[in-house]
Amino acid sequence: MECKTIGQVIGNNSYRLKALLNWAVVNQLDSSDVVVMCADRNSLAAQFALDAGLNTLHFASSGEFSRYGFWYWQACLDVGYQDVILAGDEADLILQAKVQAGFSELAHPRVSIRQRTLDSHLASAKKIGWLHCAHAQAAELLQGGEQVLTRDKPIITLTAQALNTAGQSLLNVIEKLDYQLFSSSLNLISDLNDLNTNQHYALAIPRSDSATIEKLKTILCFTDPLHYENGTAQRSELIKRYYMHILNYHSAGKSFLKHCLFSDNHVKNLDLTPTRNLYPREGGRDHCWHWTGPEKESSIQLCLPSSGYFHFRLKFDALPAGMTENKVRIFLDGQQVAYETIVESSVIEFSGNFAAHGFKENVMLVIGTENMLEIDHKRIGVAINKLEMYVPQDDLL
């Protein structure tokens with residue numbers, strides 16, 4: 001029987017493969033290891049670290065600050081990101097309000113943001129076991145961490161944003177650190193041709209740590225007695241059996257892995273998401289909502305786990321007292337995808353197709369509310385109850 005990695009079966013950029021890889025990485029760590037997460041707090045990697053109860057430090061991207069300005073920096077601080085940007089060099093950046101139509105932060109003073117290297121900011125940290133990077137400046141970030149990375153030898157994982165922009169400079173710094181870079185199917189990436197194939201996930205492992213890559217290959221091995229001509233029904237059943245076998249492991253992050261493997265529906269946690277013009281959560285654990293306001297346009301950063309066709313459901317809970325209906329426009333990554341009249345308990349559904357080429361994890365969802373009312377000294381538009389994202393299905397499931 002032929003043994004492949006599961007990535008060779010369900011696709012190198014599959015959402016479920018990324019879930020399996022993150023879960024497998026989490027289970028190579030000691031419970032005392034520190035995780036450095038240069039990625040969205042709703043990313044798959046961050047969710048697995050959270051589910052496993054690991055000590056995780058979250059750092060936002062300087063590229064997003066440059067794009068969105070003051071509100072984004074403040075929104076990141078509000079949901080628990082560190083007040084430092086990690087980069088390849090050190091500076092104190094001045095964030096200033098942009099003069100553009102519809103921008104409301106012009107009254108805010110300039111903000112100074114500390115930009116630091118891994119070596120300077122994490123020199124006194126406990127052992128780093130995992131560094132996850134979804135930033136475009138991955139090569140520079142790693143270069144600024146040569147001492148810490150040599151000391152701790154963490155597993156390094158990189159996503160599309162990092163892989164598709166870094167090129168040869170990333171391979172050079174990986175080589176300098178005495179690491180090896182592997183694709184999501186755990187094949188060695190040795191040159192630029194291997195890297196320039198729309199890779200959306202890669203792992204860098206210390207060259208001296210051959211045991212870790214062998215463990216990952218064993219966990220992600222899919223023994224396939226079938227040929228493709230035997231039909232997808234049998235193969236699909238084998239994949240599901242493999243998933244059930246994986247879930248028999250006594251492992252960290254297993255509850256989130258089960259959800260990723262057998263559910264296509266993910267509820268976005270708005271308490272961990274950078275947002276603009278969205279009030280703090282109200283209500284209880286079983287039923288909660290966020291009012292839009294005080295301005296008409298509310299922004300929510302979405303983290304996509306993979307390329308492909310995504311379907312979204314935005315559930316509204318209520319309207320302000322005295323309002324019977326409201327009109328809402330939805331923009332996804334700058335494109336209008338819906339314009340509907342809503343009443344209490346309305347649902348707006350919309351979709352987006354995100355190509356593999358040039359894929360980026362973070363996109364912005366903008367909700368434009370036509371009418372606002374002031375209630376108890378608070379200007380509100382609509383109450384958002386839930387934002388659901390339906391991930392692309394693997395071809396064989």
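Every number in this text was worked out from the coordinates using simple rules, so none of it is lab data. These figures come from a predicted structure and were not determined experimentally. No Cβ is skipped: glycine too gets one built from the backbone with ideal geometry, and neighbour counts run over all protein chains shown.
Tell me, Thr275, Thr159 in order of fewest to most beta-carbon neighbours within 10 Å?
Fewest-to-most ranking of Thr275, Thr159: Thr275, Thr159.
Test of understanding: ordering Arg151, Arg110 by Cβ neighbours within 10 Å, fewest first, what list do you get?
If I rank by nearby Cβ atoms, fewest first, I get Arg110, Arg151.
In the neighborhood of Trp291, defined by Cβ-to-Cβ distances under 10 Å, what is the net charge if each Lys or Arg adds +1 and each Asp or Glu adds -1?
Summing Lys/Arg as +1 and Asp/Glu as -1 gives +1.
As a test of the formula, what do you get for the chain when each DSSP H run with n ≥ 4 contributes -39,500 (n - 2.57) and the sum is divided by the residue count, at 222 nm and rounded to the nearest 500 deg cm²/dmol?
Here the helix-only value at 222 nm equals -7500 deg cm²/dmol.
How many percent of all Cα-Cα pairs in the chain sit more than 36 Å apart?
27
Give the order of Arg235, Arg114 when sorted by the count of other beta carbons within 10 angstrom, beginning with the fewest.
Least crowded to most crowded, the residues run Arg114, Arg235.
Answer with one residue from Leu95, Asn55, Asn326: the one whose Cα lies farthest towards the positive end of the charge dipole of the chain, charges on Cβ with Lys, Arg +1 and Asp, Glu -1.
Asn55
Let me check against my output: what whole-number percent is the relative contact order of the chain, with C-alpha pairs under 8 Å and at least 6 apart?
Relative contact order for the chain comes out at 18 percent.
When N counts the residues of segment 265-390, how does its alpha-carbon radius of gyration compare numerically with 2.2 N^0.38 Å, as a ratio?
Computed over Cα atoms of segment 265-390, the ratio equals 1.04.
Within the set Lys126/Lys258; Lys240/Lys360; Lys327/Lys378; Lys18/Lys240; Lys240/Lys386; Lys153/Lys258, which residue pairs have Cα atoms separated by over 27 Å?
In this structure, Lys126/Lys258; Lys240/Lys360; Lys240/Lys386; Lys153/Lys258 lie more than 27 Å apart at Cα.
Farthest toward the dipole's positive end in the chain, which of Leu387, Thr5, Thr159, given Cβ charges of +1 (Lys, Arg) and -1 (Asp, Glu) about the Cα centre?
Result: Thr5.
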